[in-house]
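The values are calculated or read from the model by the stated rules, or taken from the named source; none is laboratory data. This structure is a prediction, so every number in the text was calculated from the model and none was measured. Every residue, glycine as well, gets a Cβ built from its backbone with ideal geometry; the counts of neighbours run over all protein chains shown.
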Amino acid sequence: MTPEGYRATQAQYAQRAEQTVLLAAASSTLSGFALASSLGIYLSTVNEAATQLADVWTSAFLRVAPVGLALPRTEPDRLTEVVISVLEQSPRLDPLPRLARLARTEPVVAGRMASQQVMQAHNVERMRWLLDPDPCPTCVALSKETYPVDQLPESHPHCECTTIPDID
Ligand SMILES: [Zn+2]
C-alpha cells in the first residue's frame, strides 16, 4: 500500500466513524450515559483499527515486523467520558456536529500516535506530514518540512493528514 493509500484508508476509518456516530446518535433509543457508553465502546474499536493499521503499515514501510501496539484497556472509558462532556456541553444546542467532529478526529489522532510509536521503536529520527486531499494552508506549510519523531505537529479540527517516516 502506498503512503497515499495508507492515508486514504485512515481517512475512510474516520469517515465511517463519523457516519456511524451520527446515525447512532440520531436514531438510538438510548440517551445520556447509555448512549455515551455505547458510542465510547464503538469509537474505541475504531481507534483500535486505526492503531493497528498504522502499526502494520508503518512497520511494512520500514521493512520491520509490526510492534503489536494495543490501546490501553481504559480507552472505552476515556471515550465515554469525552462523549459525555460533548452531550453535557451542548444539551440544548445540537450535539451532533461536535460528536461528528469527535468521531472524525479520534481515529486520525490514534493513527498518528501509533505511527509515532512505531517510528520511535525503530529509532526513526524524522517524519513527514502527509497531506489529506483537501489540505488547509497550515498543513501545506507543515508538509514542506520534516519533524523530529517526538514532536508531533499540532493539527486542526477535521485535519486528516497522516505522519509517515522520512526515510530514503
Ligand atoms: Zn491537515
* Asked: Among Arg98, Arg104, which is the only one that is in contact with a helix residue (DSSP H, G or I) (Cβ under 9 Å, 6 or more places away or on another chain) and surrounded by 19 or more Cβ atoms within 10 Å (Cβ to Cβ)?
  -> Arg104
* Restricting the first residue to segment 148-159 and requiring it to be closer than 13 Å to Thr138 by Cα and part of a loop (DSSP other than H, G, I, E, B), which pairs with a second residue that is modelled with pLDDT of 85 or more and near the ligand (Cβ under 8 Å from one of its atoms) meet a Cβ separation below 6 Å and a spacing of at least six or different chains? -> Pro153/Leu142
* To do: Would you please list the contacts, defined by Cβ atoms under 6 Å and residues six or more apart or on different chains, that run from a residue in segment 57-85 that is more than 15 Å from Gln120 (Cβ to Cβ) to a residue that is of a type in the set (S, T, N, Q) and not in a helix (DSSP H, G or I)?
  => none
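Please tell me if Glu106 is within 16 Å of the chain's Cα centre (by Cα), more than 11 Å from the ligand (Cβ to nearest atom), assigned to a helix (DSSP H, G or I) and among the acidic types (Asp, Glu). Working first, answer last.
On the way: within 16 Å of the chain's Cα centre (by Cα): yes; more than 11 Å from the ligand (Cβ to nearest atom): yes; assigned to a helix (DSSP H, G or I): yes; among the acidic types (Asp, Glu): yes.
Answer is yes for this residue.
Do the conditions hold for Pro133, that is, is it modelled with pLDDT under 90 and either under 21 Å from Glu18 (Cβ atoms) or in a helix (DSSP H, G or I) (or both)?
In short, yes.
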* **Candidate set from segment 109-136 (those that are within 16 Å of the ligand (Cβ to nearest atom) and of a type in the set (Lys, Arg)); member that is farthest from the chain's Cα centre (by Cα)** => Arg128
* With the checklist (1) among the β-branched types (Val, Ile, Thr); (2) in contact with a helix residue (DSSP H, G or I) (Cβ under 8 Å, 6 or more places away or on another chain); (3) exposed (fewer than 13 other Cβ atoms within 10 Å of the Cβ) in hand, flag the one item Val140 doesn't pass. => (2)
* Structure fact -> Checked segment 137-161 for anything near the ligand (Cβ under 10 Å from one of its atoms) and farther than 24 Å from Pro97 by Cβ; matches are Val140, Leu142, Ser143, Pro153
* Structure fact -> Within segment 57-76, the residues that are under 26 Å from Ala103 (Cα atoms), exposed (fewer than 14 other Cβ atoms within 10 Å of the Cβ) and charged (D, E, K, R) are Arg73
* Report yes if some residue within segment 50-72 is under 19 Å from Gln19 (Cα atoms) and either within 16 Å of the ligand (Cβ to nearest atom) or part of a helix (DSSP H, G or I) (or both); otherwise report no. => yes
